[in-house]
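Taking it in order: structure first as structure tokens, then the write-up.
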Amino acid sequence: MDYEIIRSSRRTVSLSVKDGRLTVRAPYGTSQARLSEIVRSHMNWIEKQLSRQSIPRLKDKPLSDDEIKELKRKARKILTEKTQYYADIMGIKHGRITITGAKTRFGSCSSNGNISYSYLLLLYPEEAVDYVVVHELSHIMEMNHSRAFYNIVASVMPDYKERRKLLKQ
């Protein structure tokens with residue numbers, strides 16, 4: 001992996017990812033071999049940062065009408081497939097699936113099992129998308145955010161808390 005090295009009179013090595021590029025700040029005396037070892041040992045963190053930054057942000061560049069149309073088309077296909085996949089795992093039936101342009105919520109579930117998803121959900125990592133699908137399907141069994149509700153979510157997706165964090169960034 002390519003990265004920029006900035007040496008200074010600092011005491012520790014730091015890694016930062018900005019604009020899809022890794023920067024390593026290091027003390028003057030740190031060997032190239034040591035820096036390579038540090039980068040290698042932090043590859044999971046680096047890849048996570050790079051993937052976060054590759055998510056298109058609406059505030060950076062508004063989506064064109066064509067991009068919105070394509071995102072809605074993809075959302076209908078992907079979210080319908082994922083909903084059916086997880087509904088089968090959970091042994092539940094859902095109602096209609098609707099794709100919306102909601103900007104403040106990624107999904108909702110009505111009392112009769114109809115589920116709405118925002119097409120903007122597809123701008124997030126797949127792990128987060130799967131979490132929202134399981135979250136909405138869990139509402140079919142438990143129409144609140146009680147401990148029982150999160151027990152249902154956790155039974156399908158034990159790492160749901162980490163996945164949920166991806167939506168808050």
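Observations
- Selection count where residues are surrounded by 17 or more Cβ atoms within 10 Å (Cβ to Cβ) and either assigned to a helix (DSSP H, G or I) or small (Gly, Ala, Ser) (or both), scope the range 79-97: 6
- From the options Leu58, Leu50, Leu71, Leu63, residue that is in contact with a Phe, Trp or Tyr (Cβ under 6 Å, 6 or more places away or on another chain) and at pLDDT below 95: Leu71
- Condition met for Asp88 (among the acidic types (Asp, Glu) and modelled with pLDDT under 95): no
- Set Tyr131, Tyr117: member being within 30 Å of Gly20 (Cα to Cα) and part of a strand (DSSP E or B): Tyr117
The rows are residues; the columns are (1) among the acidic types (Asp, Glu); (2) modelled with pLDDT of 95 or more; (3) under 24 Å from Lys48 (Cα atoms).
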| position | (1), (2), (3) |
| --- | --- |
| Leu79 | no, yes, yes |
| Ser110 | no, no, no |
| Glu126 | yes, no, yes |
| Glu136 | yes, yes, no |
| Ala154 | no, yes, yes |
| Gln169 | no, no, yes |
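- Where Val153 falls short, out of the listed (1) in contact with a helix residue (DSSP H, G or I) (Cβ under 6 Å, 6 or more places away or on another chain); (2) under 30 Å from Pro62 (Cβ atoms); (3) not polar (S, T, N, Q): (2)
- Among all residues of the range 92-111, there is at least one that is touching a residue at least 60 places away in the same chain (Cβ under 8 Å) and in contact with a Phe, Trp or Tyr (Cβ under 9 Å, 6 or more places away or on another chain).
The values are calculated or read from the model by the stated rules, or taken from the named source; none is laboratory data. None of the values given here were measured: they were computed from a predicted structure. As a convention, Cβ positions derive from the backbone with ideal geometry for all residues, glycine included, and neighbour counts pool all protein chains shown.
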